[in-house]
Amino acid sequence: MSSVSDWEAASNPVKENRAGIIGKAVDRYEGPLKVTGTAPYAYEVQPPSPPAYGAMVSAPIAHGRITAVDTAAAEASPGVLLVWTHRNKPTQGPRPERYDFFTPSPRPALESDRVHFFGQQVAIVVADTLENAQAAAALVKLEFEADPQAVDFRNHYDEAVQPPGESDVEIGDFEAGFAASPVKIDDVWRTPLQNHCQMEPCATTAWWEGDQCTVHTSVQMVRFAQNSLAETLMVPHKNVRLLTRYVGGGFGGKGSFYEDLVLAALAARELGRPVKLAFSRQQMMHGTVHRPATEQRVRLGATADGKLTAMSIMTITHCDRRGNFTEHASNFARSLYAAPNRLTGHRLVRLDLPVASAMRAPGEASGTLGLEVAMDELAEKLGIDPVELRILNEPEVDPENGRPFSIRQLVRCMREGAQLFGWDKRNSVPGQVRDGRWLVGVGMAAAIRGNFLLPAKASFTVDAMGLITVRQGMTDIGTGTYTVLAQIAAETLGVPLGDVRVEIGDSELPPAPGSGGQFGAATAGSAALDAGMNLRQAITEIAVADPASPLFGGPAEQITFQDGVIAIANRSERLSELIRRNRPEGLTAEGEIRPAADSSKWSQHTYGAHYVEVGVDTITGEVRTRRMLGVFAAGRILNWKTARSQLTGGMIWGVGSALTEGNAVDPRYGSLINQDLASYLVPVQADIGDVEAIMLDEVDDKANPMGIKGVGELGISGAGAAVANAIYNACGVRVRDYPITPDKLLAALS
Amino acid sequence: MRPFTYERALDAASAVRVAAETPGAKFIAGGTNLLDLMKLEIEQPARLIDIGKLPMAAIEDTPEGGLRIGSMATNSHVAADARVRSRYAVLTQAIVAGGSGQLRNKATTGGNLLQRTRCAYFYDTTKPCNKRQPGSGCGALEGLNRNSAIFGASHACIATHPSDMAVALAALDARVETLSPSGKVRAFPIIELHRLPGETPDVETHLIPGELITAVVLPPPPPGGQIYRKVRDRASYSAGLASVAVAGRNVALGAVAHKPWRAVEAEGALESGGSPAEAIAAELKGASDNGRNGFKINLVSRLVPVAIEAARQQGNGA
């Protein structure tokens, strides 16, 4: 196993970046396909023979059981091929007691008569057309008996428990430290349940050839879904080929998979015919997963000169009865600010609600909405600039465990952001700046999100044309995976970008964990780099051993790869020539990455600083973002364009979290009120004024061999808090119950 | 989706005749609302009569100095019309405050008036809704009813009418022209088109079965300024929390009732010399909240005086 020092010491083509492809604003590899509508998403994949179409029936109660089933009318409906409920569903692998993110396990559909949450899929109809399937689905008659339900999070705090396997983390003596602090903040912030709202709903096209099942679906983790599906179908893993070439957004919600995958595969086997099955937008809201609501009590104690003496975040959140997922809204604070007395932890309420799970920056996205506003409140109380307060409390080592930071440029993010944004022009007294109907304010917040590396493999092939093909069971969920893998390959093998092909999203390819936790680029890219290095080695060995090559005899260590040409000193030939002579069928090398044995010696994070200007209409309570700037430090940037898109996308999502986004549970039904994109309000273009993301020059050589880190979740972390702080600066009102909608702001303003 | 028949109407006379003779028939033009509702099986028409190609899209000057807007004129077309923009600015402002660019390109004038409520309980077919399923009850009444009506609601329904355009038309004293299955043409004030929910919220207008809106007629613009202000959670593509249209002395409110709400009490107070704040206070005497929408009363009381003042300034400046 390698060590961090190996990574730091070794040079490689990505670090050297001789062709300058790394970091460049390269257009999306698959962009032309997507903008011309020719990238087939899972539901659009053309199966080998005409498909049948499924439609699912969802439970209209939150908790209870199905007491009667009458499918006669549905079965008699035109074109219907199959109707399944729990009564007649095929045998599937048994559900484990608990699911986790990384262990494949069966996920049986239509498992029993039990209804665990509103919107649970309880029946499926498959018919010759989608319309016939949907019409028949409406004819499935189910009767339910409701059990008492607990769905109203805030009414069940007394049932909150410590999440299994966790304990509160206390350093020093928080209560004593807090009590002794001359300046204190003690407030509660609430964040609502949120839905992922991916543009592409969960969808699957499935077919069988003999005992081989092929599924095209929309997931973030290829192998996890493939193995879990095989275990659900009770077939060997190798009998399932899972493809997910294009994914229209995941955001954590497709880290797992749902009934579309299982039921499409089962129905295709039953019918001997391809089956297409998708969730409707309404079904997505309940039938997949969501980010649970939180209530965070944030307490800060400080000296009069602004040194934090005590810091605590205690979060109450919720999950479903059978789950363990915890929105760890307190965790990020453990590495953010120095304070001798610290207490963080979580409590979990189990409810009869749909399944809670990860959503973009789980923990940080919710937690920064509390602490980063509390810091603003503390700064005001102390009469210290919010930027300076944060800098005053900048830790030298990780304040929780004493580990050194691999690299930490938070202060530089804040300083450069302040300068670029014009922070010095801020009037620290709220309500002083008017522009027509708007009171204008500015706010800032820090951003932090952890960095991770997981095991992954990849392969590179060079063919007789000199074209490089990257193969990896990785996904591109809109992040830019295709593009950055092509860049790594082009830079590593010294070929033009146009000579690289990328094949991902296929369980037959070398496994990678997939996309999530902003570990995708580092994990997949590092394995790809290793495959590239191994291919270089293989090419070199062939070249110096080939008497027909000008490179014959070496010295091998002097070989260069550039513009499709390999050279040693002034002797060169085209890569394609060498391969054509020696490996006309192509030459393949494998590569892999594993976390370094000693990587946990360092505290590794990505950082940023958000600056936001908002307008608040004090007559109506409306808030509009006028401009936003984020400055980020996230290691070496592979692609300026796709990284920037991820960061600005996260920032915009942060605006949504602050101002519009959230769902509410109707406690009578256990259902969510917003079930489509006309009522679940994510920001639109008109909500976002100028938005800019700056990425600092940075290399984190302790993170992985390329010195890169992730950006997918950093941009949202802290962005909403900066909006909330700007609202306060504009109008002098704090709303601690997100989202800050006109009704809440008006109540505070009145 | 349920099976239905579709036909394209050749002329208005045959369209209304066919519509009247088929129970469950529906006209369709832009389809921006109806198709969504059909996919959710909230609307289950047996027969769709496409009136989108009927020659009723013109915007014509009237001898009285107003405009006659054909019911098939798209929202985008009306909002962009130079005469509308210069003389009925409140109408352009209201139209562009609604929906999205794509929706406005498809949505027609007649369809906009007949769009149905955005109440979440109407859309969720697992919930009671007297409008969707008469007699089933009102899910919103005791529910998450933040955006429900503060005027004219009943125990059977507290939904609001979502149109922005209709609010401006109400303030402009527009009249609606229709063609009945019998061939009768009639015209009436737009404020008489929609009904309050009462006991029958499923019956939303005073149109008789098969009756087709053929045009909206604007009288000459009233003297004075015009303004439309809509308050919403996000800057575009969002239902209003409340809106106000001011056209001269006329004031209409949106997103507060089952129909575009002409603020006659406020107009009366203004007429007798009351201040804008006093005027809206007079109107709001008739308002009531349902628990979670009480903020709308406060919101309207703050919004309307500002809009009236802005329209007055504009009128004085002109």
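Computed from the coordinates by the stated procedures, all read-outs in this text should not be read as laboratory data. Model, not experiment: these values are computed from the prediction. FYI the Cβ positions are ideal-geometry reconstructions off the backbone, even for glycines, and counts take in every protein chain you see.
Tabulated results
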item	result
Part-to-part distance (alpha-carbon centres) for the range A:480-495 and the range A:198-252, which is given in Å	26
Cut-off of 10 Å, at most 12 other beta carbons, DSSP loop: longest stretch of chain B lacking such trypsin sites (Lys or Arg not before Pro)	B:54-183
Qualifying GluC sites (Glu not before Pro) for the range B:174-265 [loop in DSSP, other Cβ within 10 Å: at most 14]	B:199
Label point distance in nm, residue A:508-residue A:432, each placed 7 Å from Cα along Cα→Cβ	6.8
222 nm mean residue ellipticity, helices alone, for the protein assembly as shown (DSSP H n ≥ 4; -39,500 (n - 2.57); rounded to 500)	-8000 deg cm²/dmol
Set of lysines near residue A:238 by C-alpha distance (under 19 Å), chain-local residues within fewer than 8 positions excluded	A:457
Computed over chain A, the ratio Rg/Rh where both radii use C-alpha atoms and Rh is Kirkwood	0.99
Point-to-point label distance, residue A:72-residue A:167, nm (Cα→Cβ direction, 7 Å offset)	6.2
Calculated FRET value between residue A:34 and residue A:401, using beta carbons and R₀ = 30 Å, to 0.05	0.10
Dipole moment magnitude, nearest 20 debye, the protein assembly as shown about Cα centre, only Lys, Arg, Asp, Glu C-beta charged	1480
Distance from the range A:257-280 to the range B:194-225 (C-alpha centre basis), Å	47
Set of lysines near residue A:307 by C-alpha distance (under 26 Å), chain-local residues within fewer than 8 positions excluded	A:184, A:381, A:425
Counted charge near residue B:247, where neighbours are those whose Cβ lies closer than 13 Å (Asp, Glu -1; Lys, Arg +1)	+3
Footprinting exposure proxy for A:561, A:144, A:460 (fewest neighbouring C-beta atoms within 10 Å first)	A:144, A:561, A:460
Charge dipole (chain A, unit charges on Cβ, about Cα centre) - positive-most of A:267, A:486, A:193	A:486
Length-normalised contact order for chain B - Cα pairs under 8 Å, 6+ apart - percent	18
Residue (of A:181, A:523, A:81) at the positive-pole extreme of the protein assembly as shown, dipole from beta-carbon charges	A:81
Label-zone membership for the range A:518-545, site residue A:10, 7 angstrom Cα→C-beta point, backbone N under 20 Å	A:520-542
Under 13 Å, Cβ to Cβ, from residue B:186 - net charge with Lys/Arg +1 and Asp/Glu -1	-1
Fraction of antiparallel bridges per DSSP, the protein assembly as shown only, in percent to nearest 5	75
Contour minus Cα-Cα distance for residue A:425 and residue A:281 (0.36 nm per residue)	47.4 nm
C-alpha center-to-center spacing [the range A:568-643, the range A:1-66] in angstrom	15
Label-to-label distance, nm, for residues given as residue B:44 and residue A:141 (7 Å Cα→Cβ offset)	1.3
Neighbour-count ranking [beta-carbon atoms within 10 angstrom, fewest first] of A:319, B:157	A:319, B:157
Compactness index (Cα Rg / 2.2 N^0.38 Å), the range A:523-604	1.35
Karplus (6.51, -1.76, 1.60) ³J(HN,Hα), θ = phi - 60°, over the range B:258-264, in Hz, Gly and Pro reported as x	5, 8, x, 9, 6, 7, 5
Computed over the range A:199-284, the ratio Rg/Rh where both radii use C-alpha atoms and Rh is Kirkwood	0.94
Estimated FRET transfer efficiency (residue B:6, residue B:155; beta-carbon r; R0 56 Å; 0.05)	0.90
Taking A:503, A:327, A:622 and counting other C-beta atoms within 10 Å, the order from fewest to most	A:503, A:622, A:327
Using a Förster distance of 22 Å, the FRET efficiency for residue A:324-residue A:180 (Cβ separation, nearest 0.05)	0.05
Overall dimensions of the range A:232-357 by Cα: Rg and Dmax, Å	21.5, 74
